[in-house]
Amino acid sequence: MGAGHAHALYVHEHSPLHRLPPHVKIVATFATVVTVAVTPPEAWPVFGVAAAALLATARVARVPVRFVAARLAVVVPFLLMAATVPFVASGPRVEFLGVRVSEPGLVAGGGIAARALLGATSSILLVATTEVPRLLAGLERLRLPAVLVQIATFMVRYLEVVAGELGRMRRAMVARGHDPRWLWQARPLAAATGALFVRSYERGERVHTAMLARGYTGAMPPLREEPPVPAAVWAGALLLPAVVALALLTWTLR
């Protein structure tokens with residue numbers, strides 16, 4: 001698990017957010033995502049409060065805004081879908097940037113975009129301030145089923161191994177004069193993918209046999225012991241979702 005410390009999504013810093021126990025950050029992130037998800041699409045003040053709070057969190061954690069923006073590319077499909085909603089939705093028409101669009105569709109599309117961006121930003125900040133081993137330990141501390149934690153642990157450990165092996169197989173194909181780029185050339189790539197699956201399956205069997213030989217009985221040893229968390233730390237970590245929930249309540253009671 002040593003490679004987890006150098007993960008591409010992790011920002012090595014010594015901020016207060018980095019030192020926060022992982023299970024506290026997981027709970028705060030989950031609460032933030034749920035709060036943003038249930039916010040009505042027309043409640044823009046709530047989205048504004050959440051965006052400002054996340055920006056302040058990134059500043060405290062010393063995570064560069066450019067780092068977060070580059071990784072927000074994962075939500076581009078959702079943004080593209082949200083951009084089409086004002087044009088296909090029905091209802092009264094308004095002019096927006098010189099184009100007449102559906103007013104309900106504009107509100108709904110904006111809500112989709114805001115939720116996608118804020119939810120993804122929360123997750124990026126969680127991973128950027130928490131090493132992979134500590135993240136898994138936090139899930140374990142939150143009593144996530146042990147089987148799921150073990151699956152996630154091995155997935156993190158061997159995902160890069162499998163990806164590296166796929167890269168070596170592709171380089172070997174190119175070295176032998178075959179570089180498939182078109183759909184009708186997919187047969188060799190499909191054969192290589194099948195061979196990779198067989199190799200991965202066999203590797204899993206060997207790893208399981210090695211674990212049994214070392215005394216594995218179905219439960220892994222604790223990943224890391226975390227000290228007790230003071231109530232003040234929980235209160236600080238849950239400040240963002242509390243502020244957003246308060247803003248949401250104020251908006252809905254108007």
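The values are calculated or read from the model by the stated rules, or taken from the named source; none is laboratory data. Every value quoted in this text rests on a predicted model; they were computed, and no experiment measured them. Counting neighbours? That spans all protein chains shown, and the Cβs are built from the backbone with ideal geometry, glycine included.
General remarks:
- Set side by side, the residues ALA58, ALA70 differ, and just one is assigned to a helix (DSSP H, G or I) and either among the β-branched types (Val, Ile, Thr) or in contact with a helix residue (DSSP H, G or I) (Cβ under 9 Å, 6 or more places away or on another chain) (or both), which is ALA58.
- Test result for PRO41, in contact (Cβ under 8 Å) with a residue 40 or more places away in the chain, assigned to a loop (DSSP other than H, G, I, E, B) and assigned by TED's automatic domain parsing to the domain that holds GLY110: yes
- ASP179 satisfies every condition listed in (1) in a loop (DSSP other than H, G, I, E, B); (2) within 20 Å of the chain's Cα centre (by Cα) except (2).
- Which listed residue is at positive phi, assigned by TED's automatic domain parsing to the domain that holds PRO22 and of a type in the set (Lys, Arg), from ARG71, ARG93, ARG62, ARG66: ARG62
- Screening VAL127 on (1) outside any helix (DSSP H, G or I); (2) within 19 Å of LEU55 (Cβ to Cβ) shows it passes everything except condition (1).
- Applying a threshold of 6 Å to beta carbon distances and a minimum spacing of six or more residues, or different chains, the list of pairs starting in the stretch 144-165 at a residue that is more than 21 Å from HIS23 (Cβ to Cβ) and exposed (fewer than 11 other Cβ atoms within 10 Å of the Cβ) and ending at one that is modelled with pLDDT of 85 or more and of a type in the set (Asp, Glu) is empty.
- When ALA52, ALA89, ALA69, ALA58 are checked against the criterion of being surrounded by 13 or more Cβ atoms within 10 Å (Cβ to Cβ), small (Gly, Ala, Ser) and under 15 Å from LEU117 (Cβ atoms), ALA58 stands alone in meeting it.
- Among the residues here, VAL76 qualifies as free of Cβ contacts under 8 Å to residues at least 24 places away in the same chain, part of a helix (DSSP H, G or I) and of a type in the set (Val, Ile, Thr).
- Of the residues making up the stretch 79-97, those that are among the small types (Gly, Ala, Ser) and not in a loop (DSSP other than H, G, I, E, B) are ALA82, ALA83.
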